[in-house]
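Encoded as structure tokens, here's the structure I'll be asking about.
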Amino acid sequence: MHIRRTSSVARLRLSSSGDGPLSPMLQAARRPKLEKLWDLVDEYLHNDTESIMRSMADHFEYTLARNKWNLAPQSLFQAAAYSLRDRMIEWWNDTQEYFYDQDSKRAYYMSIEFLMGRTLTNALISTGLLSPYYEALKEFGENLETIADLEHDAGLGSGGLGRLAACFLDSLATLNYPAWGYGIRYKYGQFKQNIVRGYQVETPDFWLESGNPWEIPRQDIVYKVGMYGSVQYVTRSDGSLAVKWEPGHCVGAVAYDTPIPGFNTKNTLSLRLWSSKPLVDMNPEELKADPWDMLRQNQADEEITSVLYPKADSDSGKELRLKQQYFFSCATLQDIIRRFKKSNRPFAEFPDKVAIQLNDTHPTVSVPELMRILVDEESLPWDQAWAITTKTFGFTNHTVLPEALEKWSVPMFAHLLPRHMQIVFEINHRFLEEVKVKFDCSPEVISRLSIIEESNPQQIRMANLAIVGSHTVNGVARIHSEILQQSVFADWHRLWPGKIINITNGVTPRRWLYCCNPTLSSAVTKQLGGNAWVTDLSLLKDLRSHITQEFLRDVREANKVAKERLRKYVSKLTNGAVDLDTSSLFDTQVKRIHEYKRQLMNILGVIHRYQCLKALTPTERSQQVKRTHIFAGKAAASYQQAKAVIKLINTVADVVNSDPQTKDFLTVVFLPNYSVSLAELIVPATDLSEHISTAGTEASGTSNMKFAMNAGLIIGTLDGANVEIVEACGQENHFIFGATAPEVDKLRAERQSVAIDQRLYNVLISIERGDFGASSNYRWLIDPLWQGNDYYCVAHDFPLYLEAQQCVDADWRTPDVWAHKTVLTMFGMGTFSSDHSIHQYARNIWNIKPARMPTEHITTV
Ligand SMILES: *Cc1c(COP(=O)(O)O)cnc(C)c1O
């Protein structure tokens, strides 16, 4: 039997009292002919094992049209996913209705990337349905873990920025905030990385190959997105002049929704991703043209949301990227405004109901787009429209690398978005006038602040546009925000003190501890007498002062279990060729391959270790710390230096792993195709993780948090969130080395050429000699070091890095010392939960409050 929804939501649906506008749902509910339908909708599905088995069988047969003769391996996963989605949809509908009813202010998180990874296990744990599903699958003779492994990662992002967006959604849902995520539904995620003879080879990641059971296509939610065309001037009935953009071409944006369940709450949010489609009847003149031209145009329209980061090495590639950004911004704003208009409020109240966060500059074209809508379509005066716009947007900066600050050429932008170009010029003009009046500054300062860079051709600086168009700008770790204030955006900080703030990133302890490390999680739950810590990680700090022997044992046990799991994975991957020694120290560096992250320094250090081992006698060798060095990460397809690093790591692995003198003491592995699910496997199995970026270059880093939360120690520089992590966990528990950010600035300013350390010299010579294959492969890496052209300070920090690694070895030799450090680290991580970050965004930027559905009347089995 079904259970009736008796929540306030259900009661509200049928209530006849109350003033104010009725929701369409309520109106519909009153229509007598639908009464019976609502009665049925008001019943929840059952969650006992039997009912879940029934649901899965139904989806297996009716949704997937499978039978016992055509059982694809994926289909059990899909049946499980669809049946879970059904249950999430119930809560999701309740949530949306509740928010609507509460008329809550909502936060909209706009991000060009969402690196979600897999959903099944996480959603089961959030909804509390893990055990009935486990049982249901067991009844079918299957294992939940095996089934969960069949899910394809949703890899709609390239690294930390996209993963942050995913962690934030999890926290928003868990903390009951009224929020939405908005992004792009790429057909192809980040490329799949294969390693062929040591080289990275990219193949497309067609993640939708066997369908995506989590998403709900909303074929009825389609917005028109214009582009190109011209700007017209029309006279309004009152005689005033209005500007009207006549796009030359229109495409459709179709919504695809994914429910985002909160942990231990019914609050279920939406991630709405846009997919492009042709709008044939919107472009009538094209209908008349050659049908083949039209087909080609249709294809081009569909391609807008095909790939994440189209190649930007050509003008058409750059235009496609800008098109994606506008497409995404335009559809999102139409959706937000449609929702806002349902409440019949004047636009002046828009910022009281809507907060929009720009995750980096990619969605920044939303600023002129909102101005265009308010001024051209809603006929608001410019000043009022501008006040609304700047009260609505917040902007998160993610990088201090100058080459990563986005710019668009003015002619290209003006061609694609002629009206927006005018608006950007107008915003800039008014802004610079204001600056000149309020702030006595030199022409140099004015030209730095300008949204337009006076190059040839002129460029639009998207970060400047985002700063001018937002009320708050935040950096993502304390040191990063300080660098923004003191150097990258120093002029702005003087102009508007207080506008640039810090909110340090975080990671969700649900995915990154509770789900990926069940053994360690159970130990924490046992210590704390409950699992409240999963939604309040600050509880960990209470454990810091009385660490028990029992817990130390549990941590070691959890580490062993995780290492064994990784060992099996690697053995399978390499067809048994690599069998990791789980008693060795697992030293890990997994992240995007980039010069500033200095995987090069790590692998040079490994070569040094190899040389040292070779120089020892067998007896001496047997006394060395056994080590396994794990690498993973993708290099951008056109990034020569990064690709050379991958080749070097793989070649060193080949040499070292097959050298009979050293293979028992040193193993090197490069795990291909780094992804969220691979990270979930590696993080709990790691003893030491490397976060060794040149100080002042890594905005925050988030994998440092994942490792430390899982009781791993850090070898790292004083960069990004490392600074705060070691402050919270005790610097003495970690291995901090290297030039500090001011020292790096000094080294660079003085162009000091650093003498090459003898050990580094020996390593470089060995590479030159061809010990690791043709040295021509590594010219990109080695020549700059010989030439003293060492922007990322590898030569300077190398000896300090080796010293830090020696300290690691020393501590590892005394297991008690090591274990204590790991536990102190884990218990210090309370503030690095993304929950903590999200509370700060809610309070300090968005001004939103949690809206928790009253659920006391809802009974589920
Ligand atoms: C956390 C994470 C990142 C970010 O790693 P950093 O070391 O902070 O750069 C990148 N990719 C994946 C898959 C992740 O899970």
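The values are calculated or read from the model by the stated rules, or taken from the named source; none is laboratory data. Values in this document were obtained by computation on a predicted structure and should not be read as measured data. Reconstructed Cβ throughout: ideal geometry from the backbone, glycine too, with neighbour counts over all protein chains shown. With ligands, DNA and RNA removed, areas are computed over all heavy atoms of the protein, side chains included. Shrake-Rupley method; radii C 1.70, N 1.55, O 1.52, S 1.80 Å.
Using amide H atoms built 1.01 Å from N in the peptide plane, name the residues 5+ places from ASP205, or on other chains, whose amide H lies under 5 Å from its own.
GLY189, LYS192
Would you mind calculating the relative contact order of the stretch 583-832 from Cα pairs under 8 angstrom and at least 6 residues apart, reporting the percent as a whole number?
23 percent
Continuing with this model, one more query. Quick one: which residues, 5 or more positions from ILE221 or on another chain, have an amide H under 5 Å from its amide H? H modelled 1.01 Å from N in the peptide plane, none for Pro or chain starts.
Those lying under 5 Å, H to H, from ILE221 are ALA255.
On the accessible surface of the stretch 440-481, probed at 1.4 Å, how many percent belong to carbon and sulfur atoms? Before the final figure, lay out each step's value.
Details: 700 of 1490 Å².
Ligands and nucleic acids excluded, carbon and sulfur give 47 percent.
Any idea of TYR596's accessible area? Nearest 10 Å², probe 1.4 Å.
30 Å²
Another question, then. Tell me the carbon and sulfur percent of the accessible area for the stretch 309-384, rounded to whole percent, probe radius 1.4 Å.
Ligands and nucleic acids excluded, carbon and sulfur give 45 percent.
Okay, next question. Hey, rough spin-label estimate for ARG813 and SER447, points 7 angstrom out along Cα→Cβ, what's it come to in nanometres?
Distance between the two pseudo-spin positions: 6.0 nm.
Can you give the relative contact order of the chain as a percent, counting alpha carbon pairs under 8 Å and 6+ residues apart? Display every interim value, and only then the final one.
Numbers: 1496 pairs, mean separation 117.5, N = 861.
Reported as a whole number, the value is 14 percent.
Next question, about the same structure. With runs of 4+ DSSP H residues as the only contributors, calculate the mean residue ellipticity of the chain at 222 nm using -39,500 (n - 2.57) per run, divided by the residue total and rounded to the nearest 500.
-13500 deg cm²/dmol
For the stretch 733-861, give the percent of accessible area contributed by carbon and sulfur heavy atoms, probe 1.4 Å, rounded to a whole number.
Values: 3200 of 6170 Å².
Ligands and nucleic acids excluded, carbon and sulfur give 52 percent.
Accessible area per residue, 1.4 Å probe, Å², for the stretch 20-161: what's the number?
The answer is 45 Å² per residue.
For the chain, give the magnitude of the charge dipole about the Cα centre (Cβ charges: +1 Lys/Arg, -1 Asp/Glu; no others), in debye to the nearest 20.
Its charge dipole is roughly 620 debye.
Same structure, new question: May I ask which of LYS572/LYS614; LYS391/LYS499; LYS187/LYS224 have a Cα-Cα span longer than 23 Å here? Write out the running numbers ahead of the final one.
Details: LYS572/LYS614 29 Å; LYS391/LYS499 12 Å; LYS187/LYS224 20 Å.
Among LYS572/LYS614; LYS391/LYS499; LYS187/LYS224, the Cα-Cα distance tops 23 Å for LYS572/LYS614.
In nanometres, what is the gap between the two model label sites at GLU482 and ASP48, each 7 Å from Cα along Cα-to-Cβ?
It works out to 6.0 nm between the two label points.
Could you tell me what percent of the DSSP beta bridges with both partners in the chain are antiparallel, to the nearest 5?
Details: 42 of 88 bridges.
Here the share of antiparallel DSSP bridges comes out near 50 percent.
Give the residue from ILE479, ALA57, PRO742 lying farthest towards the positive end of the charge dipole for the chain; charges sit on Cβ (+1 for Lys and Arg, -1 for Asp and Glu) and the dipole is referred to the Cα centre.
Ranked along the dipole, the leading option is ALA57.
Further question: Can you compute the modelled spin-label distance between SER237 and VAL561, with each label point 7 Å from Cα toward Cβ, in nm?
Rounded to a tenth, the inter-label distance reads 7.1 nm.
Going toward the positive end of the dipole of the chain, with +1 on Lys and Arg Cβ and -1 on Asp and Glu Cβ, which of ASN673, PHE551, ASN502 do you reach last?
Towards the positive end, the residue furthest out is PHE551.
Can you tell me the accessible area per residue over the stretch 684-832, all protein chains present, probe 1.4 angstrom, in square angstrom?
Here the per-residue accessible area is 36 Å².
What net charge is computed for the residues neighbouring TYR186, neighbours being all others with C-beta under 10 Å from the C-beta of TYR186, Lys and Arg scored +1, Asp and Glu -1?
Counting the neighbours of TYR186, the net charge comes to 0.
With a 1.4 Å probe and all protein chains kept in place, how much accessible area does LEU150 have, in Å² rounded to the nearest 10?
Counting only protein heavy atoms, LEU150 exposes about 60 Å² to solvent.
Extension gain LYS341-GLU750, at 0.36 nm per residue separation less the Cα-Cα distance, in nm? Please list the in-between numbers first.
Numbers: separation 409, 0.36 × 409 = 147.24 nm, distance 5.80 nm.
Extra length from LYS341 to GLU750 when fully extended: 141.4 nm.
Quick one: grab the alpha carbon gyration tensor of the stretch 156-233, order the square roots of its eigenvalues as a ≥ b ≥ c, and give me rounded if a/c is under 1.5, else prolate or oblate depending on whether a/b is larger than b/c.
Values: a/c = 1.90, a/b = 1.27, b/c = 1.50.
It is oblate, given that a/c is not under 1.5 and a/b is not larger than b/c.
Next up: ³J(HN,Hα) across the stretch 361-374 via Karplus (A = 6.51, B = -1.76, C = 1.60, θ = phi - 60°), whole Hz, x for Gly/Pro?
Each residue of the stretch 361-374 in turn: 7, 3, x, 5, 5, 4, 5, x, 5, 5, 4, 4, 5, 5 Hz.
Let me ask something additional. Under the classification rounded if a/c is under 1.5, otherwise prolate if a/b is larger than b/c and oblate if not, where does the chain fall, given a ≥ b ≥ c as square roots of the Cα gyration tensor eigenvalues?
Values: a/c = 1.71, a/b = 1.23, b/c = 1.39.
The shape class here is oblate.
Count the net charge of all other residues whose Cβ sits under 15 Å from the Cβ of ILE714, scoring Lys and Arg as +1 and Asp and Glu as -1.
-4
Right, something else. Averaged per residue, what accessible area in Å² does the stretch 503-643 show with a 1.4 Å probe, protein chains only?
Values: 5650 Å² over 141 residues.
Accessible area per residue: 40 Å².
Taking +1 at the Cβ of each Lys and Arg and -1 at the Cβ of each Asp and Glu, which of ALA79, LEU604, ILE112 sits farthest along the dipole of the chain towards its positive end, judged by Cα position relative to the Cα centre?
My answer, from the dipole projection, is ALA79.
Something else now. Given charges of +1 on the Cβ of Lys and Arg and -1 on the Cβ of Asp and Glu, with all other atoms neutral, how large is the dipole of the stretch 772-861 about its Cα centre, in debye to the nearest 20?
480 debye
Compute, for the stretch 159-224, the length of the dipole vector about the Cα centre, with Cβ point charges of +1 (Lys, Arg) and -1 (Asp, Glu) only. Units Debye, rounded to 20.
Result for the stretch 159-224 is approximately 160 debye, rounded to the nearest 20.
If you don't mind, another one. For VAL676, what is the net charge nearby, where nearby means another residue's Cβ is under 9 Å from its Cβ and Lys, Arg count +1, Asp, Glu -1? Before the final figure, lay out the partial values.
Details: positive: ARG118, ARG163, ARG511; negative: ASP153, GLU680.
So the surrounding residues net to +1.
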